[in-house]
Amino acid sequence: MGRMQALLFAGFTLLLVVVAVWAFSRPWLPDLAADRSAIDHRIYLTLAVTGGAFILTQVLLALFAWRFRAREGRQAAYWHDNPRLEFTWTFVTAGVMTILVLGALRLWAHIYSPPPDDALLVEVTGQQFAWNIRYPGQDGVFGRTDPRWITVDNPLGIDDRDPHSADDIFLVNQLYLPVGRPVRVRIRSKDVIHSFFLPNFRVKQDAVPGMNIDIWFTPTRPGMYELACAEHCGLGHYRMRGFVIVQTPEEFAETLASLPTWGGQ
């Protein structure tokens, strides 16, 4: 019976290893379009470590089932209740987990570090069920907003009396970005919690009412990508979808120049 258990463990482990290698050798993450490859590396490292631990555990289970199978005159006394062995695998596991956690904390600190001084500032405000995009215009300053001025045509409540509002550029569900330049996105919400999710850029940040949350990243590939909401924000959550258009710096400048400003619309 013990030998059969060992063979079953070994066969099952081999099958899982083959399936896992086949699955994770195929592209399963969205194409990366930002400077966040460290996130992908961290995912693959974690999978490799946990996968290796799983394989080792199953191999040991198969080995023990075969070596210490029920036989006359044999007893698995050495491996039973062995404090030194238990302390060893506990400390080794704790050490590996500590290394993984410290690496993840360093990555987290980098992602949420202050953006470069030359980063492009964009404001993204979530609402049921759209993404409101605003650029500060040539003066580099956003116009004042106030909930009292919110209307159907003015979803952000932009104050027309503020001179900084005149050159603001307002779009819905269309986020234009230049390739190769750091982008600082200021995330807001006007109603419920949304989640600003750019899968191709490895960016995901909740938009919380009453809070301005800044994140930054650098687009690295021109193209059109998805802007989604990853938080169930109501019955229309499924249609809260926008697009990120990454252009060359020259194309981006031409696009902004061609868009109407708030004061001129």
So, first residue in contact (Cβ under 8 Å) with a residue 24 or more places away in the chain in the stretch 93-112, second residue hydroxyl-bearing (S, T, Y) and surrounded by 11 or more Cβ atoms within 10 Å (Cβ to Cβ), Cβ within less than 8 Å, six or more apart or across chains; the pairs are L100/T46
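For the stretch 215-253, name all the residues that are part of a loop (DSSP other than H, G, I, E, B) and in contact with a Cys (Cβ under 9 Å, 6 or more places away or on another chain). Before you say what the answer is, go through the steps one by one.
Here is the first cut: in the stretch 215-253, the residues part of a loop (DSSP other than H, G, I, E, B) are 218, 220-222, 230-236, 240, 248.
Matches in the stretch 215-253: M240 only.
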Looking at the stretch 174-193, I want the residues that are without any contact (Cβ under 8 Å) to a residue 60 or more places away in the chain and have a partner that is crowded, with 16+ Cβ neighbours inside 10 Å and among the charged types (D, E, K, R) with Cβ atoms under 9 Å, at least 6 apart or on another chain. Which pairs are those?
I193/D206; I193/E231
Hey, N200 hits all of (1) open to solvent by less than 70 Å² (accessible area, probe 1.4 Å); (2) over 25 Å from F142 (Cα atoms); (3) assigned to a loop (DSSP other than H, G, I, E, B) but one; which does it fall short on?
(3)
Among I158, I187, I193, which is surrounded by 16 or more Cβ atoms within 10 Å (Cβ to Cβ) and more than 15 Å from V244 (Cβ to Cβ)?
I158
Total residues in the stretch 106-129, condition open to solvent by 50 Å² or more (accessible area, probe 1.4 Å) and assigned to a loop (DSSP other than H, G, I, E, B):
5
Examine the stretch 92-101 for a residue that is closer than 30 Å to V183 by Cα and modelled with pLDDT of 75 or more, and state whether such a residue exists.
yes
Of the conditions (1) within 15 Å of P219 (Cα to Cα); (2) charged (D, E, K, R); (3) crowded, with 19+ Cβ neighbours inside 10 Å, D168 satisfies every one except a single condition; which number is it?
(1)
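Listed here are the residues, each with its yes/no results for (1) without any contact (Cβ under 8 Å) to a residue 60 or more places away in the chain; (2) closer than 18 Å to A207 by Cα.
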position: D118; (1), (2): no, no
position: Q127; (1), (2): no, yes
position: D159; (1), (2): yes, no
position: A166; (1), (2): no, no
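The values are calculated or read from the model by the stated rules, or taken from the named source; none is laboratory data. Model, not experiment: these values are computed from the prediction. All Cβ positions, glycine included, derive from the backbone under ideal geometry; neighbour counts span all protein chains shown. For the accessible areas, the whole protein counts, side chains as well, though only heavy atoms, and no ligand, DNA or RNA atoms are used. Shrake-Rupley method; radii C 1.70, N 1.55, O 1.52, S 1.80 Å.
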